[in-house]
Structures are given as C-alpha cells and as structure tokens.
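Undergrad: Let me give you the structure first, and then I'll get to my questions.
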Amino acid sequence: MTIEALCLRLPRRTRASPSQSDPLRKWGYARIVIPVCDRYPMIATTATAPSISLAAAAGGGNLLFRQLFDAATGTFTYLLADVPSRQGVLIDPVFEQHSRDLSLIHELGIELVASIDTHAHADHVTGSWLMQEATGCAIGLAAVARAEKVTLPLHHGDRVSFGQRYLEVRSTPGHTDGCISFVLDDHAMAFTGDALLVRGCGRCDFQQGNAHTLWASITEQIFSLPDSCLLYPGHDYTGRTVSSVVEEKAFNARLGGAATERDFVGHMENMKLPHPHKIAEALPGNMRSGKPREAQARPAWAPVQRSYAGLPELAPAWVSAHQQELTILDVRGPEELEGPDGRISGSLNIPLPELDQRHQEIPTGKPVVVVCHSGSRSALATQQLLKAGLSQVANLRGGLSRWNAEGYPLTGATAL
Ligand SMILES: [Fe+2]
C-alpha cells in the first residue's frame, strides 16, 4: 500500500508512513500514526519553560514513565515521554484529575502529542478533551467506539508515535467491543486498560462485553508478549500497581494456571456484579471524549493552573496585565517590603504569621493573588485562604523573584 493510499485512510490531523518492521502484518499493515497538533499552540511547553533535565527526571534513561492514580475511581493514568524530543503521550486521563496531569506535563516540560484512551469507560469520564483544549494534543480512541472529538481513530496495528518511541495498538475486545491495549515498542511494558487487570480482568456483562472474546484477546494479544513484559492495568482497588505476563499466566484468578476458556467463561458469566453507578453519566461524557455539555461549561475567573503540588497558581504575565482587577496580597514581613527586594505597587501587606487572625482585612469582591519572595510562603498563605473559604485565590508562580526576572516592576527594588 502506498503512502498516499494510507494517508487517504487517515483523519485530517494525522500523517502516515508505511511501517518499517511489521510484526502485526497478519492484520494487514501497521500504520504509523503521528499526531499533528495544528489547532492549538503548545502551551504545555510554554506555560512553564523546561528548566529541568528530563533525562534526570526519567532516572537516567531515554523514556520517562509516570503512573498516576485517581483514588475516587481506582483508575490509573500513565504518562510516557521520549526524553530526547520531550514528546509524550497520556493514557486514560481522568476528567477530575486534569489539572494534576496538566501541571505534571508543564513542570516536566513535555510536549504532549496525544491523549489516548483504552476504551469508552463506564466508571469515569476521560480527561482527553480537556487535555486537547490545554495542549493541542490529539485525542485517540478505538475507531469502533465512534466517539465525538476523536482525532486519532485507532485500529489494531496502528502505532502512536512520540519522539523516537511508539506504542503499538492491539485490539483487545471483550470487556467492551472497542477495548484496545497499548504495547511499548520494545515490548517491555503494556497498558491493558480493563482487558487484563492484576490477577483479574474487566467485566463482560455490558457495553457489548463477551467473555469468549475477552479470553481470545488476553491469550492471543497479551499472553503472546514476552513473559518479562510489565503489565499496567486500567484500575486496581487494592493497591496493586503493576504485574507481568509471567505472573498473570500463572496466577490470574480467572484465566491463569490451568484455566480453560470454559472455566473462564463460567467464571465471568456468573459474577452477578452490580450495575456501575456512574455509567449513566460516564458513558455519554466519554462519547464526547470528555467534553462537558455546554450548560456545564463555566468560564474560570483566571487561567489558574494547579501545580503538581496541588496549588492554584497564576503566571506573572497574567497578573501584571490584570493587576487593577486583583488584590495583590504580600505575606512577607514589613522589613522585607521596605528592603532592597521592593514590592508590587498597591499590594496589601499581611505577614504570613498574622494571616490567620487578619484575613478579614482582605477586601471582598476581588480575586486575590498572594506573593512573597519565592512563592513558598505565599503557597502556604494561599492554602490558608482557601481553607478560610476564599474561592478566587491563587499564588504568584515563582514569587517576586520570577516577577522581577520577567521584567515586571517593583517599587523600591535594588536587589532582586
Ligand atoms: Fe472499563
């Protein structure tokens, strides 16, 4: 098949080239899917300029890997990035954890090329649409799911590329008919969604689930991987985070050891599980790739970004441009305000040790931006004000030190 013919089969926002090695040729051909982000600027890499070594953050290797967890739904989200190019992909993001995931991507300076889901989840809403809005990344999901907003409709044998690395797409239906697993190019890791869990597997009693199909998916597509391949599931509810092919072949409670397809199907068809309580909300949301209904969309009071430490922060540029609409609260000691570091003109001073008793002095009706020398004491002050009931409050990212470094004025500054 020619490059042109392949391109014709791909959506507008992707480019393709023929596969160089094709271990999955029995299904036709392996497309290399390279997400192209042409609609939004890459704010993920500009909001916080890369200032740390991604190689060091990756532990010295050329692949960064992070496993994230949503405790409310027991869902794992995975971030993978190619160190030399800083390009990354996010697997199975959770809507409610969007700001956490985005802040990690910002802080590591990763250029997110795609947010990809293993299936249309029934227990939580994906964060993929939010991530596309924030970074311009592509949204990937199995094409058979036919969800809206998907820009990378994925098929068995596709490859999702990020820098020099890629994930193979393997079709693993049975939990749903659109389940896919992502296998790292060197077969060292696989992300199995709900097809295979640690010592278990996804249920097969709704969303076109089928136990016979799931048996075939796991035994042919996952257990065919090397025994040493690490398996990262979509969920766990008891603190287990990773498994391996060799372990699951031996010990999986439903299909490991000597279990046959008949044993497995007999187990799955008699589980009598309760209906998932969030399915009525989650499935329609996931069929929009996590885009909220218009009525739910509320403009934020400011482009607040939550740091990976969990703190709402604003960039100096935005604070400077909106200074007249804000209360700038400086929580340094009075001697610092009169010292060589200077102060932001018009700021209100309540030293951090006095904030608990004096926060009623902060004028109401205006959002509050908290500042100190480096952003450390103001971080604590921001948390105190949030606890005290203020809703529109954020920390100045990097404090007055960064404010000054970016060229914004300080009254009386001689030292910063
Ligand atoms: Fe699921």
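Undergrad: Pull out the extension gain between Val246 and Glu338, defined as 0.36 nm times the separation in residues minus the alpha carbon to alpha carbon distance; nm, one decimal.
TA: Numbers: separation 92, 0.36 × 92 = 33.12 nm, distance 6.59 nm.
Here the answer is 26.5 nm.
Undergrad: Starting with the highest mean, order 73-82, 384-393 by the number of other Cβ atoms within 10 Å, averaged over the residues of each peptide.
TA: Working: 73-82: 21.6, 384-393: 14.9.
In decreasing order of mean packing, 73-82, 384-393 become 73-82, 384-393.
Undergrad: Between Ala142 and residues 5 or more places away or on another chain, which pairs have amide H atoms under 5 Å apart, with H built 1.01 Å from N, and which residues are they?
TA: Placed amide hydrogens put Leu154 under 5 Å from Ala142.
Undergrad: Largest first and in whole Å, what are the equivalent-ellipsoid semi-axes of the chain based on the Cα gyration tensor, each being the root of 5 times an eigenvalue?
TA: Values: eigenvalues 418, 110, 73 Å².
Those come to 46, 23, 19 Å.
Undergrad: Over the chain, give the accessible area per residue in Å² for a 1.4 Å probe, as an integer.
TA: Values: 18190 Å² over 416 residues.
Result: 44 Å² per residue.
Undergrad: Using R₀ = 60 Å, calculate the FRET efficiency as 1/(1 + (r/R₀)^6) where r is the Cβ-Cβ separation of Ser374 and Arg146; round to 0.05.
TA: On the way: r = 50 Å, r/R0 = 0.83.
Once rounded, the FRET efficiency stands at 0.75.
Undergrad: Now, a different point. Could you tell me the largest-minus-smallest coordinate of the C-alpha atoms of the range 125-224 on each of the three principal axes, in descending order and whole angstroms?
TA: Principal extents (largest minus smallest coordinate, Cα): 38, 31, 22 Å.
Undergrad: Sorting check: for 133-139, 269-275, 308-314, which peptide has the highest mean count of neighbouring beta carbons within 10 Å, and how do the rest follow? Could the numbers behind the result be given before it?
TA: Working: 133-139: 23.6, 269-275: 8.6, 308-314: 17.7.
Highest to lowest by the protection proxy: 133-139, 308-314, 269-275.
Undergrad: May I ask you to derive the FRET efficiency for Gln360 and Ser53 from their Cβ-Cβ distance with R0 = 45 Å, giving the value to the nearest 0.05?
TA: Working: r = 45 Å, r/R0 = 1.00.
Here the calculated transfer efficiency is 0.50.
Undergrad: Given labels modelled 7 Å from the Cα in the Cβ direction, how far is it in nm from Asn270 to Ala321?
TA: 6.4
Undergrad: Still on this model: With both bridge residues required to lie in the range 64-137, what share of the DSSP beta bridges run antiparallel, to the nearest 5%?
TA: On the way: 12 of 17 bridges.
About 70 percent, rounded to the nearest 5.
Undergrad: May I ask for log10 I(q)/I(0) of the range 278-336 at q = 0.26, 0.31 Å⁻¹, from a Debye sum over the Cα atoms as equal point scatterers with solvent left out?
TA: One equal scatterer on each Cα of the range 278-336 leads to -1.10, -1.18.
Undergrad: Additional query: I'm checking a number: the convex hull volume of the Cα atoms of the range 226-349, normalised per residue, in Å³. What is it? List each step's numbers first, then the result.
TA: On the way: hull volume 32.6 nm³, N = 124.
Dividing the Cα hull volume of the range 226-349 by its residue count gives 263 Å³.
Undergrad: Can you list residues whose amide H is under 5 Å from Arg306's amide H, if they're 5+ apart or on another chain and H is modeled 1.01 Å from N?
TA: So Arg306 has HN proximity to Glu313.
Undergrad: Amide H to amide H, which residues 5 or more places from Arg203 or on other chains are under 5 Å from it, using H placed in the peptide plane?
TA: So Arg203 has HN proximity to no qualifying residue.
Undergrad: Averaging sequence separations of C-alpha pairs under 8 Å and six or more residues apart, then dividing by the length of the range 97-173, give the relative contact order as a whole percent.
TA: Values: 93 pairs, mean separation 16.3, N = 77.
It comes to 21 percent, rounded to a whole number.
Undergrad: What are the ³J(HN,Hα) values, in whole Hz, obtained from phi via the Karplus relation 6.51 cos²θ - 1.76 cosθ + 1.60 with θ = phi - 60°, for each residue of the range 107-112 in sequence order, with x given for Gly and Pro?
TA: Each residue of the range 107-112 in turn: 5, 7, x, 8, 8, 7 Hz.
The values are calculated or read from the model by the stated rules, or taken from the named source; none is laboratory data. What you see is a predicted model, and the numbers here were worked out from it, not measured in a lab. As a convention, Cβ positions derive from the backbone with ideal geometry for all residues, glycine included, and neighbour counts pool all protein chains shown. To get the accessible areas, we keep the full protein, side chains included, count just its heavy atoms, and leave off ligands, DNA and RNA. Shrake-Rupley method; radii C 1.70, N 1.55, O 1.52, S 1.80 Å.
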